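Structure first, commentary second.
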Amino acid sequence: MALSRVLLVHGAWHGAWCWDRVLGPLRTLGYKPEAMDLPGHGDSPEPYRDLHGDADAVASCLDAIGEPTLLVGHSYGGMVITDAGSHEAVGALAYVCAFMPRSGQSLMDTWREHRRPKSAAKSDLFGCVRLTEDESAMYLEGGDITSALYADCDPELQRWSLERLGQQPTTSFTQVPRHLAWASKPTTYVVCSEDRAIPAWHQRRMAENASRVVELTASHSPFLSAPDGLARLLADAAAYG
């Protein structure tokens, strides 16, 4: 049975704001989408949490929705939905150029697991990651951020997004999900073929564990550069669930 509710979980350094352009197309397609801020991100007044705290926040949002839901995670958000997706309200999962760990893996374990083929592209993102003085959080700095995250977005969208980026707790990249939701829920992986943050070859390796894999010609931020196409793929994922 198709799922009418969609909960959108952002990735590291971002907030619910990144999904703004996808909400309208999903509503037009007949869905009821909601984008949430993880604790400390976007407009959230709460302090930052770790991976488990982020997943607990998603579970609380699912409690409030109270209906069968497609749970969507982007980038680091894939780690969060892997843990939170075991919630009884989750009917299906969708990973959007997201980290999809195997059992016992942190985000960094998942990143290191796959050796880059000699001819394959490197990530433009990790060279932009900086640590705060006490190493408790990470932030992005450097000229490659735009290329890594927003390569196919127009300059106005790039500026709008860069102004909204925040910090990311370091522990969120080193913790292991408590649950492996994709092992028991229908799962769609959306590979973004032009991604310069998590290159497509890496996404395809992680997507081997998904129930189905689809591709979208877009950068690491398809919610900005290809919102209509992404909305259609998420609608398909909801119907698949």
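Only the coordinates and a few stated rules stand behind these numbers; no lab work does. All of these numbers come straight from a predicted model, not from anything done at the bench. Here the Cβ positions follow ideal geometry from the backbone for every residue, glycine too, while neighbour counts run over all protein chains shown.
Hand me the trypsin sites (Lys or Arg not before Pro) from the stretch 105-188 located in a DSSP loop with no more than 15 other Cβ atoms within 10 Å, in residue order please. Each step should come with its number before you reach the end.
Working: sites: Arg112, Arg115, Lys118, Lys122, Arg130, Arg159, Arg164, Arg178; in loops: Arg115, Lys118, Lys122, Arg164, Arg178.
Qualifying residues, ordered by number: Arg115, Lys118, Lys122, Arg164, Arg178.
With 0.36 nm allotted per residue and the present C-alpha distance subtracted, the Lys32-Ser211 stretch has 62.1 nm of extension available. Couplings 3J(HN,Hα) of the stretch 208-220, computed from phi: 4, 8, 7, 5, 8, 10, 10, 10, 9, 7, 6, 7, 6 Hz, in residue order, whole Hz [Karplus 6.51 cos²θ - 1.76 cosθ + 1.60, θ = phi - 60°; x for Gly and Pro]. Each peptide in 79-89, 179-189 gets a packing score, the mean of other Cβ atoms within 10 Å over its residues, and the list from highest to lowest is 79-89, 179-189. Approximating the spin labels as points 7 Å out from Cα along Cα→Cβ, the Ser60-to-Ala2 distance works out to 3.3 nm.
Each Lys and Arg Cβ is given +1 and each Asp and Glu Cβ -1; about its Cα centre, the stretch 5-240 then shows a dipole of about 860 debye. Across the chain, Cα pairs under 8 Å and at least six residues apart give a relative contact order of 26 percent.
Applying the Karplus relation 6.51 cos²θ - 1.76 cosθ + 1.60 with θ = phi - 60° to the stretch 24-36 yields 3J(HN,Hα) values of x, x, 5, 5, 4, 7, x, 9, 10, x, 9, 10, 10 Hz, where x marks Gly and Pro. Overall dimensions of the chain, expressed as equivalent-ellipsoid semi-axes from the Cα gyration tensor (√(5λ), whole Å, largest first), are 24, 20, 19.
The phi-based Karplus calculation (6.51 cos²θ - 1.76 cosθ + 1.60; θ = phi - 60°) puts the 3J(HN,Hα) values of the stretch 59-68 at 4, 5, 5, 5, 4, 5, 5, x, 9, x Hz, whole numbers, x for Gly and Pro. Calculated FRET efficiency, Trp201 and Arg164, Cβ-Cβ r, R0 22 Å, to nearest 0.05? For R0 = 22 Å, the calculated efficiency reads 0.15.
Unpaired Cys in the chain, meaning no second Cys C-beta under 4.7 Å: Cys18, Cys61, Cys128, Cys153. In loop segments of the stretch 129-204 as defined by DSSP, the GluC sites (Glu not before Pro) with at most 13 further C-beta atoms inside 10 Å of their C-beta are Glu133, Glu135, Glu141, Glu163.
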